[in-house]
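What follows is one structure encoded as structure tokens, with my remarks underneath.
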Amino acid sequence: MASINYLNEPKGIKSWLLTLDHKRIGLLYLFGIMTAFFLGGVFAMLLRLELLSPGKDFFDADTYNQLFTLHGAVMIFLFIIPSIPAILGNFVLPLMIGAKDVAFPRLNLASWYIYVFGSLVALYSIITGAADTGWTFYTPYSTQTGTSVIAMTLGAFILGFSSIFTGLNFIVTIHKLRAPGMTWFNMPLFVWALYATAIIQVLATPVLGITLLLLIIERVAGIGIFDPAMGGDPVLFQHFFWFYSHPAVYIMILPGMGIISELIATFAHKRIFGYKAIAFSSLGIAFAGFLVWGHHMFVSGQSELAAMIFSFLTFFVGIPSGIKVFNWVATLYKGSISFEAPMLYALSFLILFTIGGLTGIFLGALSVDVHLHDTYFVVAHFHYVMMGGTVMAFLGGLHYWWPKMWGRMYNRLWARISVALIFVGFNMTFFTQFILGAKGMPRRYYNYLDQYQPLHGFSSVGSWVMAVGFVIMAVYLIHAIFRGRPAGSNPWGALTLEWTTPSPPLHENFPQTPKLTHGPYDYDTVTAPMT
Amino acid sequence: MSHTAEHSSFLAHHFSDAEQQRESAKLGMWIFLLTEILLFGGLFVAYAIYRAWNPDMFHNAHYQLDLRLGTINTIVLITSSLTMALAIRSMQLGNKKGTIRNLILTLALASVFLIIKYFEYSHKIHLGQLPGKFYTFTGIEGNNPHVFFSVYFLMTGLHGIHVTAGMGVIGWILYRTARNHFSTQYYTPIEMTGLYWHLVDLIWIFLFPLFYLIG
Amino acid sequence: MSKPASTHVPHILPLKVYLSVAVALLVFTVITVYISTLNFGPFNLVVAMIIAAIKATLVALFFMHLRYDSKLYMIIFVAAVMFLAVFIILTMFDTMARDKIYDVKARPINPMAGMYDSLTVSQPHSVPDTAALHRQLPADTSGKGH
């Protein structure tokens, strides 16, 4: 490309590895996080392969335990928590609010290096005998097993700092670096979602830090805090762990919800319904998310009083989530919808997240959970929320901003084919697991009774359909970077600020400080030419 | 603008003016302090729960801590907080010498704190009043007295690490002050260090009664 | 006033404020140490925590300038303490109520279920003698059709 932009100036590998430009750091994250996604995906495919038929097919029970732990830990700590904030948030947040960069660019680069270092420490555990505890590292098993729990937990501990620094950076950026005229209620909803996410990141992640540190010290030195043999309490570990990890599921889903708000308004060409309700429901979810962690522990031996309180409080999380889904559907109503690939992802999100959310209500109900706990019903539920929700939103956002990142458009037909394959494959894989769980198939076993074989087999075939979709996506997205046809500055006709600057953007984002002339969703009064 | 030349030395390219940069740094610092509070928070939860389960054991065990040394350390740390605050005030008044003097005083007091802590720790190690499976002391009545020392060493240890880190940062800004990096117009790093140091003091203000006074 | 708007005018507290806060902190330290030597039973904890909270507030308001700075910092500080309180309180709903068994659980929900206690226990690790179990059940529960 002839014009000077952030991609081609300055040149050289060093200019990338030492860059302070939020857009380049976003791409560095893209590289690291997609590698983690690929790894986690390979682990998932291996798990499904083993589960194709009962009995030992490829791995023994211990290897299987290590594989599902790796799949969970890699997908959660290395992929899904950083995915949307660190890649898309880093790239578009300053663009969306008209800033030149995030508030602390050096800290931003540091958090990428911390991410890489933490990931390597976590993956180092594969060499030393991968942990077989599940990604939750429950004591006392995690202090006794001979596998490499310390490398994995130390990795997650280090990754926590990366997450904290990203959140800190975003909060300050949103407070202090908005362009003139960019009031709080002129901010795109993705920015609101990132703000709510960042609040959880800085509030909850330190507790994960101290939890994992205690676990490591317990394992190394035997201090007896979590060891029942020494007067410690293993259930206390679960409290510590879920005080972070429940809010963490909102770290995962909230930014996805923000992307969906952008996609639905843009592709329905309509003012978003209930802007303030969506904005505040993000904060509501962030807050309520801190009060419900005990619903992961209904069968752990926590007191019945606590279980009842946590079950009661859990239902409140449904309210702000319900508000959002209602508002998105209301935005679609009478909109002129264009079914571009990002919009197909948004619609997939609406369907899958609603299923995932509603089954979450079942599981939050104390008495139902006692029956469904640790079955495939739970596995299906969180894959509907995490993959059907967050990953769909992430992919939608990736397709939405891909032309902005690279200045080139991918093949739109192949994009639609791939989203269809992923949607179908996803439902084949995971809806089946609701049925398996309801029939009593427990999670985390490499073996099962013959009666579950047809459903397990179908689920595994679904995972292959999904994999084909992902391979196609990887091909056309990478192809677009080098051979795609040039995309204009605003291929979707969207109204937020990032589409007013050239694609790919300049080093400091805008030719001059942008002036806000309209709100982010004024589709009823403003028409942006598609360029 | 007459002061542009003066500002350009520290104003980063993506801020529109020094005030925006200063406020951003301060907001970032406060959020960092919030993460610190929650990091210690986990240990406070552990303390609260184990104390609520074993009130008598905690009470008996706390007599093993040296109240005299604990009180002296509290006074030392509070005084160091004062000298830190005065270091910032001196720079606000443009008194570089005052800043340097107060920072050195703060460093000295922090060292005294750590030295006293060292004597306390070595005494405990000598008696076998150690966490978890290393506990060999026999003079405390009640269930699992090693849990008291687990929590004690974890909390004061983490606090001690923060004191040490704070000393490193204070040393660094002492060096920068001596190199004339700061003025009445720009002293944000000193101010941020001060906030951090006060938080370390603030956490000790809670650790002291919880361990030395009531157990 | 006559300075350009972007010149930083630091908010400088009088020396007297810093010194009096420090003196107050030291006085409170002495008080709390003295009180700990008296015995109020469980109130020792309450008194010690109140004094610690007063000291912490003094440090935050004056040394950390919370009293004079933007309200936002105050909100952040209070939020940290508040979420810590949520953490402690909700966890204690569990740890302080572990051994409580509610009436519902103390009685069998199904009064007929009591009969299982009177059954003879089969040999450990062997197949349960279901035939014996069915023989002892009354007709209306076992006759549901198997």
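The values are calculated or read from the model by the stated rules, or taken from the named source; none is laboratory data. Everything numeric in this text was worked out from a predicted model, so none of it was measured. Reconstructed Cβ throughout: ideal geometry from the backbone, glycine too, with neighbour counts over all protein chains shown.
A few points about this structure:
- Considering residues of the stretch B:183-199 that are surrounded by 22 or more Cβ atoms within 10 Å (Cβ to Cβ) and more than 10 Å from chain C (Cβ to nearest Cβ) only, the residue farthest from the chain's Cα centre (by Cα): B:ILE190
- Within the stretch A:109-155, tally of residues that are within 21 Å of the chain's Cα centre (by Cα), among the aromatic types (Phe, Trp, Tyr) and within 30 Å of A:TRP16 (Cβ to Cβ): 4
- Number of the condition not met by B:ILE31 [criteria: (1) more than 9 Å from chain A (Cβ to nearest Cβ); (2) out of contact with any Phe, Trp or Tyr (no Cβ under 8 Å at 6 or more places or on another chain); (3) crowded, with 20+ Cβ neighbours inside 10 Å]: (1)
- The single residue among B:ASN60, B:ASN54 that is more than 10 Å from chain A (Cβ to nearest Cβ) and over 19 Å from the mean Cα position of the chain (by Cα) turns out to be B:ASN60.
- Residues of the stretch B:8-47 satisfying the condition of being among the hydrophobic types (A, V, I, L, M, F, W, C) and within 19 Å of the chain's Cα centre (by Cα): B:MET29, B:TRP30, B:ILE31, B:PHE32, B:LEU33, B:LEU34, B:ILE37, B:LEU38, B:LEU39, B:PHE40, B:LEU43, B:PHE44
- The set of residues in the stretch B:119-154 being within 21 Å of B:PRO55 (Cα to Cα), touching a helix residue (DSSP H, G or I) at 6+ places or on another chain (Cβ under 6 Å) and away from every other protein chain (no Cβ under 14 Å) consists of B:PHE137, B:GLU141.
- Condition met for A:VAL325 (surrounded by fewer than 16 Cβ atoms within 10 Å (Cβ to Cβ), modelled with pLDDT of 95 or more and more than 17 Å from A:PHE382 (Cα to Cα)): no
- Selected residue (only one of A:GLU304, A:GLU340 is closer than 30 Å to A:PHE185 by Cβ and either touching a residue at least 60 places away in the same chain (Cβ under 8 Å) or out of contact with any Gly (no Cβ under 9 Å at 6 or more places or on another chain) (or both)): A:GLU340
- The set of residues in the stretch B:60-78 that are closer than 20 Å to B:ILE125 by Cα and either part of a helix (DSSP H, G or I) or of a type in the set (A, V, I, L, M, F, W, C) (or both) comprises B:ASN60, B:ALA61, B:HIS62, B:LEU65, B:LEU67, B:ARG68, B:LEU69, B:GLY70, B:ASN73.
- Beta carbons closer than 9 Å, at least 6 apart along the sequence or on distinct chains, pair a first residue in the stretch C:9-22 that is closer than 20 Å to B:GLN185 by Cα and more than 7 Å from every other protein chain (Cβ to nearest Cβ) with a second that is acidic (Asp, Glu) and in a loop (DSSP other than H, G, I, E, B) for C:HIS11/C:ASP69.
- Among the candidates C:TYR116, C:TYR68, residue that is modelled with pLDDT of 75 or more and more than 9 Å from chain A (Cβ to nearest Cβ): C:TYR68
- A:TYR452 buried (at least 17 other Cβ atoms within 10 Å of the Cβ), assigned to a loop (DSSP other than H, G, I, E, B) and out of contact with any Pro (no Cβ under 7 Å at 6 or more places or on another chain): no
- Extreme residue, farthest from A:PRO140 (Cα to Cα), among residues of the stretch A:225-252 that are at the interface with chain B (Cβ under 9 Å from one of its Cβ atoms), hydrophobic (A, V, I, L, M, F, W, C) and surrounded by 23 or more Cβ atoms within 10 Å (Cβ to Cβ): A:PHE243
- Only listed residue being farther than 23 Å from A:LEU398 by Cα and assigned to a helix (DSSP H, G or I), chosen from A:LEU78, A:LEU46, A:LEU52, A:LEU30: A:LEU46
- The set of residues in the stretch A:156-199 being more than 30 Å from A:TYR124 (Cβ to Cβ), of a type in the set (S, T, N, Q) and under 19 Å from the mean Cα position of the chain (by Cα) is empty.
Let's see how each residue does on (1) within 19 Å of A:THR354 (Cα to Cα); (2) over 23 Å from the mean Cα position of the chain (by Cα):
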site	(1), (2)
A:TYR384	yes, no
A:HIS399	no, no
A:VAL419	yes, no
A:GLN433	yes, no
A:ASP450	no, yes
A:HIS456	no, yes
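- Tally, over the stretch A:432-442, of residues that are surrounded by fewer than 18 Cβ atoms within 10 Å (Cβ to Cβ) and out of contact with any Ser or Thr (no Cβ under 6 Å at 6 or more places or on another chain): 4
- Of the residues examined, B:PHE211 is not one that is assigned to a helix (DSSP H, G or I), within 14 Å of chain A (Cβ to nearest Cβ) and surrounded by 15 or more Cβ atoms within 10 Å (Cβ to Cβ).
- The set of residues in the stretch A:139-184 that are within 27 Å of A:PRO234 (Cα to Cα) and either outside any helix (DSSP H, G or I) or out of contact with any helix residue (DSSP H, G or I) (no Cβ under 6 Å at 6 or more places or on another chain) (or both) comprises A:THR139, A:PRO140, A:TYR141, A:GLN144, A:THR145, A:GLY146, A:THR147, A:SER148.
- Selection count, the stretch A:53-73, where residues are among the hydrophobic types (A, V, I, L, M, F, W, C) and surrounded by fewer than 16 Cβ atoms within 10 Å (Cβ to Cβ): 2
- The residues of the stretch A:365-405 that are under 20 Å from A:THR136 (Cβ atoms) and not in a helix (DSSP H, G or I), listed by number, are A:HIS373, A:ASP374, A:THR375.
- Of all residues in the stretch A:140-164 being among the hydroxyl-bearing types (Ser, Thr, Tyr) and within 20 Å of A:PRO228 (Cα to Cα), the one that is surrounded by the most Cβ atoms within 10 Å (Cβ to Cβ): A:SER142
- Of all residues making up the stretch B:1-11, the number that are surrounded by fewer than 15 Cβ atoms within 10 Å (Cβ to Cβ) and either modelled with pLDDT of 85 or more or assigned to a helix (DSSP H, G or I) (or both): 3
- Leading residue by the ranking (surrounded by the most Cβ atoms within 10 Å (Cβ to Cβ)) among those in the stretch A:253-275 that are under 16 Å from the mean Cα position of the chain (by Cα) and among the β-branched types (Val, Ile, Thr): A:ILE259
- Extreme residue, farthest from A:GLN512 (Cα to Cα), among residues of the stretch A:165-185 that are surrounded by 21 or more Cβ atoms within 10 Å (Cβ to Cβ) and more than 11 Å from every other protein chain (Cβ to nearest Cβ): A:THR166
- Odd one out for B:LYS124, checked against (1) of a type outside the set (Phe, Trp, Tyr); (2) part of a loop (DSSP other than H, G, I, E, B); (3) under 21 Å from B:LEU43 (Cα atoms): (2)
- Scope the stretch B:47-102; condition surrounded by 17 or more Cβ atoms within 10 Å (Cβ to Cβ), charged (D, E, K, R) and farther than 15 Å from B:HIS198 by Cα; matching residues: B:ARG51
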